Amino acid sequence: MLRYLNDICISYPDEEVYQYLLYIGKEPLNMADGITKIHLHYRYKVIDMHTMDYQFFMQQNSADALVLAVLCDFKEVKPRAVVHEILTRLIKFSNNDSKMLREYVTMLEVLASNRDLNVDIQQEFKMIEVEVEKLPTFLMGEHKRAVMVAKQLFKLNMPLEQVAQISGLSVAELEEIAKVDE
């Protein structure tokens, strides 16, 4: 911490620096909040994440904050419910960016391992995906995508039965789509 302070002060000599150490360990916090020597009196703020209210992080507009919420005090809320809420918000926050979502879910798993929550995050994630797939807007999007695929296959002069098999749309529906596109 002192070395970081030194580097920051050299790079930004006119700035006031406040240092914080976020403790995320499994064991109870037992860490000094500074260094005191004969000619040195150095202090920094130590924050035990286990004492922070998880709702503070849930209210932030940041995927990083959402993931940090798993380290905090859940009050009386069951760990599974908190993980479910975090994952649901991460899915919305990622806005269909599967790479970003995968990275944040991995971070959540790593940080959750510090808590011994006994919650299978991957299982919870799969359950949420199933919930999302039942939403009318998701189903509409899937149908729209199937129609787009069918139209592309029609352009390749693929037979109607094959287009039905590939797209998952009924032959009757495909006949209607073909009439509209003529």
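Structure values in brief
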item	result
Failed criterion for residue 18 (all others in (1) in contact (Cβ under 8 Å) with a residue 24 or more places away in the chain; (2) surrounded by 11 or more Cβ atoms within 10 Å (Cβ to Cβ) hold)	(2)
Residue identified as of a type in the set (Val, Ile, Thr) and either closer than 30 Å to residue 3 by Cβ or in contact with a His (Cβ under 8 Å, 6 or more places away or on another chain) (or both) among 77, 70, 105, 82	70
Positions within the range 129-161 being loosely packed, with under 11 Cβ neighbours inside 10 Å and modelled with pLDDT of 80 or more, in sequence order	155, 156, 157, 159, 161
The listed residue being surrounded by fewer than 11 Cβ atoms within 10 Å (Cβ to Cβ) and either touching a Phe, Trp or Tyr at 6+ places or on another chain (Cβ under 8 Å) or in contact (Cβ under 8 Å) with a residue 12 or more places away in the chain (or both), out of 36, 88	36
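The values are calculated or read from the model by the stated rules, or taken from the named source; none is laboratory data. None of these values were measured; they are calculated from a predicted model. Glycine gets a Cβ as well: all are built from the backbone with ideal geometry, and neighbour counts include every protein chain shown.
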